[in-house]
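Below is one structure; the comments refer to it alone.
What follows draws every value from the coordinates through simple rules; no lab data is involved. Everything numeric in this text was worked out from a predicted model, so none of it was measured. Cβ coordinates were reconstructed from backbone atoms using ideal geometry, including for glycine residues, and neighbour counts include every protein chain displayed.
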Amino acid sequence: MSSAALVRRSTQEEAEEVHATISGGGLDLWGPEAGETLSTLGVLVGREREELRDLNLIQIARALAALGVLEAKYNAPHQLALSAAANVPLFTKEDVKYYWRFAFGVYPRLFIFAEFKWNMFSTVGLRILQAANQAEVIQAVVRGRNGAPQPRLEVLHVSDGEPKFALVSDGENIVLSIRGTSSLKEALMDLNCVYVSPEGPEVETWKVHGGMWGFTDTVVEEVQDIIDERLKRTQEKLVITGHSLGAGVAALLAIRWRSRYPTLRCVAFACPCVADRAPGMERVLTVIVGDDAVPSWSIGSTSDLVQSVATLGADSAVRDSIWTLNPGDQQLQVLHNTLQANMQAEKLFPPGQVLWLRDSEDDSNTMTLSSPAPSFFGRLRLRRRMLADHYPTAYEEALAKDWVAA
């Protein structure tokens, strides 16, 4: 069965059935998003997986729900302290918020309008709706929701093919922004791509996401000469940005161009797992909001998750016991360690330094900021907003708030 057909199986009826099977205590963890989140995950991990061939979507979703409960109950007394956000010499807080506008401005006009829910009669809304091309859309989004003045932009290039990207000058920097996919399900499927060694199979000192590395060829061929010519006659520097799959391509371009453009910087929003020990990672800042799953989604983390789902899906007694055990129970630790022992697949990680923004428990207008090591995101963590927190609206809301160190 094709990937598209499998995704279509995740119907509203299936979501409602999944939701009904984990009512009660499960909803305290998974919340109203339970049905959609778990049925979507069930389709994604269940497609063409030999280990899950005997489980239907509902059984897979139940196993996922139980695994999420196990993680939450086990982590309550065992959560490792996260390091506070370190000084980030690459970008200031204002820089991060500014370049986010470029990352989102390359999305389609109607997608941007729908995501931000701008009033069509507002200044920004009218600019977006009246935009004649992608260049004008970028101009409108970068100026911001309140229409605050920004440096005058010069659009140097907008691609026609895939991936969609734009090269823009703001007078101080050339900003290359790369569009992600507009469909989260498609994005998660695309993330399950083979690892490759850019230096060739004989020199496997570092590996990257094969599909996104291939996309860098297209970008290099189309804009490298334009960038070279511009930098020869100006004092501008190159900044690369993107969201989701666009962030992954942006980060890999930073690695690829590390010698060509010594002052290059990259800020990658919701960046997937794209590399392991690749050189040039110090040029990249990865920004992650809340429980966004994309920065943890790869062949390796999916394989580990499938192993756990297969175990819990096949043993209903063990699965059902998770719901009744209390945090700190010795049996929870035994179950956790047993599943963890099988999570040994090779993994990639989000690149560079990570800034992780999470909702403050004390103030709804504040985000707490920490800087875990990229390896912290090597394993998928099942949370109620693991899909919802990937959408641009989640990043827009988080970046608009104040940030305080965790």
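Could you give me the radius of gyration and the Dmax of the stretch 252-406, taking only the C-alpha atoms into account and expressing both in angstrom?
Every Cα atom of the stretch 252-406 included, Rg and Dmax give 18.0, 58 Å.
Please list, in order along the stretch 350-358, the HN-Hα scalar couplings obtained from phi with the Karplus expression 6.51 cos²θ - 1.76 cosθ + 1.60 (θ = phi - 60°), rounded to whole Hz, x for Gly and Pro.
Rounded to whole hertz, the list is x, x, x, 7, 10, 10, 10, 9, 10.
From a point 7 Å beyond the Cα of R379 in the direction of its Cβ, which residues of the stretch 281-321 have a backbone N at a distance under 19 Å?
Backbone N within reach: 291-313, 319.
Just grab the label-to-label distance for K401 and E50, each label 7 Å out from Cα along the Cβ direction, in nm (one decimal).
Taking the simple label geometry, K401 and E50 are separated by 4.5 nm.
Where nothing but the Cβ of Lys and Arg (+1) and of Asp and Glu (-1) is charged, how large is the charge dipole of the stretch 316-374 around its Cα centre, in debye to the nearest 20?
For this selection, approximately 300 debye.
Ranked highest first by the average count of other Cβ atoms within 10 Å around their residues, in what order do 320-331, 366-377, 52-63 fall?
Answer by packing, highest mean first, reads 52-63, 366-377, 320-331.
Pairs K207/K347; K73/K401; K207/K237; K97/K401: which exceed 21 Å Cα-Cα?
Going by Cα-Cα distance, K73/K401; K207/K237 fall outside the 21 Å limit.
Given H placed on each backbone N at 1.01 Å, which residues far from L285 in sequence or on other chains put an amide H within less than 5 Å of it?
Amide H neighbours of L285, under 5 Å, 5+ apart: C266, V267, A268.
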